[in-house]
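Q: Below: one structure in C-alpha cells.
The values are calculated or read from the model by the stated rules, or taken from the named source; none is laboratory data. Because the structure is a prediction, the values reported are computed rather than measured. All Cβ positions, glycine included, derive from the backbone under ideal geometry; neighbour counts span all protein chains shown.
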Amino acid sequence: MEVHVQPKTRSKMFCGCSVAEVNDPPNTHVCEICLGMPGVLPVINRAAVEASIKTALALKCEIPRHTKFDRKNYMYPDLPKGYQISQYDMPMSVNGFLEVGGRKVRIRRVHLEEDTGKLIHAGDELHKAWESYVDLNRAGVPLMEIVSEPDLRSADEARDYAMELRSLLRAVGASEADMEKGQLRAEPNISIRPAGSDALGVKTELKNINSFRALHRAIIFEVERQQKALESGGTVVQETRGWSEAEERTFSQRSKEFAEDYRYFPEPDLPPLEIDRGWIEELRAGLPELPAPRRSRLATEHALPATDAALIAGDRILADLFEDATRAGAPAKQTANWIIGEVAPTGKVPSGKNLAELIKLVGDGSITRDQGREVLMESVETGRTPAEIVAEHGYAQVSDPSELRVIIEAVIDANPKAVDDYRRGKTQVANALLNEIRKKAPQANPKVARELLLKLLA
Ligand SMILES: [Zn+2]
C-alpha cells in the first residue's frame, strides 16, 4: 500500500507559496519556483522534513544519516517542470512497522516529494469542443509517501491500516490527514495468488483513493476482477487503474511505468541532507503517546469497552478531552458516550471541565439529556460553562406543580417530625424542608416549590 499524506506546513515543499485551501481560486498560490520557470532554485521546507521525521519515528523506522532528493522525469500537463522532485534510493526513512489488529505491517519507506497540479476538463458534446484547464495551486505542495511491504491480506486489513495510519499522523501532529481535503490518498497495489503459494501475482495499482469506504470497495472489486480473469484462463496486466465511485468499478488508466522509465537522477539544485541526530532525538522525546498504547491504556484504566476505547484513542483531540473530563470527575462510561454520541459527530469540542460539568448536570437530573445536548452546543460556541447556560435559560427550573408535587411529598414523608413542628406553629421549619427539596431537586423553581409545600403542609 502506498499512502500519500500532505504534511502540516504553511508553505509548499520547495518555495514560499502558502498552501491553498480546497476552494481557493485557481493559480493564486503559485510562484516562479512551483511554476517550474527556468533558472530558479528550490529550497527544502524544514517543517515538511520535521513532519516526515516524526512520522518515521512513530512508525519505528530507521532514519539514515544521509538522504537526498531526485528528479523523477515524466511529461504531463499538470507537471510544469517536466519532472517531479521526489526521493529515489535514499529516502528519509526505512524499515518500520505499524501494528494493525495485532499484526505487524512492515513499512518499507517514508519519503518526501512534491504534489502535482490539477487538470480540469470541460467538454461541449454539441460542438465537439473540449478544453482542459490547469490549476497549479497544488503543484509543489509537500507530500509524504508511506510505502508498506506486501503484508496486507484483505480489504478489511487495508482499510484498518489506512485508518490506523491516519490516527497516528494526527496524534504526532504530522498531518491533519483529512481525506475529504485530499490530505490522505491511498494507492493499494493488489495481487492475488493460489493458496499456499509464496510468489506474489502480477499486481495492479489503484490510484488516488480518497475515502476509507472507497478503498474497501475498490479492493474487493479488484480482487474479484483478477480472480475472474485468471479463472477464465486470462491474465492480469500490470497497470494503473482508477476507481469509479459512481459505477463502483475499477478501470484501466495506463500501463504501469517501471522505475527506469522515469530516468531518476539526483536533484542537482538541492544539497543532500545530513539530518542532525540531536534534532531527531529531540523530536523523539517530544512524541506524544501513540494511538495503540493509548487505546489499551484507556480500556484498562477506565474499564471502557474496546470499541469505545478505539474510537476515542483514534483521535488525539477526543482522547485528550476524555482524559480531561474524567480527571475533572466525570464517570468514564458516560463521558465516552457523550464524546462518541455528541462531540465526535459535530466536531465541536468543549473543554474537559465543561464536559464534566455538563455530564454532572444531566446525571443528577438537573437537566434532561436533550437539554444537555443544547447546552453542550451553546457552551462550545460561546465558551461559557454549562452551569451558566443552564442558569440563564432557566432550564434547571422545574415549575410544573405536578412534577414538583412528587418530590415535595417525598420530602414531607421523610421528615415527619419537622412536619409535626410546622403544624404546631413552628412555621420557620418550612425553610429546612425547602432546603431538603432543593437538595433532591436543584431544578425546582423555588417560588412554585414554596407555595406548593405550604399548601401541602396546611
Ligand atoms: Zn511557489
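Q: Looking at region 208-223, is at least one residue surrounded by 22 or more Cβ atoms within 10 Å (Cβ to Cβ), at pLDDT below 95, at negative phi and not in a helix (DSSP H, G or I)?
A: yes
Q: Taking the criterion of being within 16 Å of the ligand (Cβ to nearest atom) and in contact with a helix residue (DSSP H, G or I) (Cβ under 8 Å, 6 or more places away or on another chain), would at least one residue in region 137-146 satisfy it?
A: Yes, some residue in region 137-146 is within 16 Å of the ligand (Cβ to nearest atom) and in contact with a helix residue (DSSP H, G or I) (Cβ under 8 Å, 6 or more places away or on another chain).
Q: While we're on this one: Filter region 27-81 down to residues that are hydroxyl-bearing (Ser, Thr, Tyr), within 16 Å of the ligand (Cβ to nearest atom) and either buried (at least 22 other Cβ atoms within 10 Å of the Cβ) or within 21 Å of residue 265 (Cβ to Cβ) (or both), then give me how many there are.
A: Residues meeting the conditions: 0.
For (1) under 32 Å from the mean Cα position of the chain (by Cα); (2) surrounded by fewer than 18 Cβ atoms within 10 Å (Cβ to Cβ), each residue gets a yes or a no:
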| site | (1), (2) |
| --- | --- |
| 338 | yes, no |
| 360 | yes, yes |
| 377 | yes, yes |
| 383 | yes, yes |
| 400 | no, yes |
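Q: In addition: Tell me which residues, restricted to region 84-93, are crowded, with 20+ Cβ neighbours inside 10 Å and out of contact with any helix residue (DSSP H, G or I) (no Cβ under 8 Å at 6 or more places or on another chain).
A: Answer for region 84-93, where residues must be crowded, with 20+ Cβ neighbours inside 10 Å and out of contact with any helix residue (DSSP H, G or I) (no Cβ under 8 Å at 6 or more places or on another chain): 84, 85, 87, 91.
Q: Out of all the residues in region 362-372, which are surrounded by fewer than 20 Cβ atoms within 10 Å (Cβ to Cβ) and touching a helix residue (DSSP H, G or I) at 6+ places or on another chain (Cβ under 6 Å)?
A: The answer is 369, and nothing else.
Q: Here's a follow-up. Counting just the residues of region 98-136 that are under 18 Å from residue 190 (Cβ atoms) and not charged (D, E, K, R), which one comes out farthest from the ligand (Cβ to nearest atom)?
A: Applying the filter and picking the extreme gives 100.
Q: List every residue pair whose Cβ atoms sit under 9 Å apart, with the two residues 6 or more apart in sequence or on different chains, where the first one lies in region 15-38 and is hydroxyl-bearing (Ser, Thr, Tyr) and the second, anywhere, is near the ligand (Cβ under 10 Å from one of its atoms) and in a loop (DSSP other than H, G, I, E, B).
A: Final answer for the pair search is 18/12; 18/29; 28/137.
Q: So, restricting to strands (runs of 3 or more DSSP E) that lie completely within region 92-203, which ones have at least 2 residues that are over 18 Å from the mean Cα position of the chain (by Cα)?
A: Result: 93-100, 103-114, 118-124, 129-135, 142-148.
Q: With respect to the numbered conditions (1) in contact with an Asp or Glu (Cβ under 7 Å, 6 or more places away or on another chain); (2) modelled with pLDDT under 90, which one is the sole condition not fulfilled by residue 371?
A: Among (1) in contact with an Asp or Glu (Cβ under 7 Å, 6 or more places away or on another chain); (2) modelled with pLDDT under 90, the lone unmet condition for residue 371 is (1).
Q: For region 180-199, which residues satisfy the criterion of being over 20 Å from residue 221 (Cα atoms) and crowded, with 19+ Cβ neighbours inside 10 Å?
A: Within region 180-199, 183, 184 qualify.
Q: Oh, and also: Hey, does region 307-320 have a residue that's touching a Lys or Arg at 6+ places or on another chain (Cβ under 7 Å) and farther than 16 Å from residue 167 by Cα?
A: Scanning region 307-320 turns up no residue that is touching a Lys or Arg at 6+ places or on another chain (Cβ under 7 Å) and farther than 16 Å from residue 167 by Cα.
Q: Residues being in a loop (DSSP other than H, G, I, E, B), farther than 25 Å from residue 276 by Cβ and within 15 Å of the ligand (Cβ to nearest atom): count how many of those fall in region 1-26.
A: 5
Results for (1) touching a strand residue (DSSP E or B) at 6+ places or on another chain (Cβ under 9 Å); (2) loosely packed, with under 15 Cβ neighbours inside 10 Å, shown as yes or no for each residue.
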| residue | (1), (2) |
| --- | --- |
| 226 | yes, no |
| 232 | no, yes |
| 235 | no, yes |
| 245 | no, yes |
| 251 | yes, yes |
| 254 | yes, yes |
| 262 | yes, no |
| 267 | yes, no |
| 273 | yes, no |
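Q: Within region 39-72, how many residues turn out to be assigned to a helix (DSSP H, G or I), touching a residue at least 40 places away in the same chain (Cβ under 8 Å) and not hydrophobic (A, V, I, L, M, F, W, C)?
A: Residues meeting the conditions: 4.
Q: For region 1-59, which positions are over 26 Å from the mean Cα position of the chain (by Cα) and acidic (Asp, Glu)?
A: Correct list: 32 only.
Okay, residues lined up against (1) within 23 Å of residue 367 (Cβ to Cβ); (2) without any contact (Cβ under 8 Å) to a residue 40 or more places away in the chain:
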{"position": "415", "(1), (2)": "no, yes"}
{"position": "419", "(1), (2)": "no, yes"}
{"position": "428", "(1), (2)": "no, yes"}
{"position": "433", "(1), (2)": "no, yes"}
{"position": "440", "(1), (2)": "yes, yes"}
{"position": "449", "(1), (2)": "yes, no"}
{"position": "455", "(1), (2)": "no, yes"}
{"position": "458", "(1), (2)": "no, yes"}
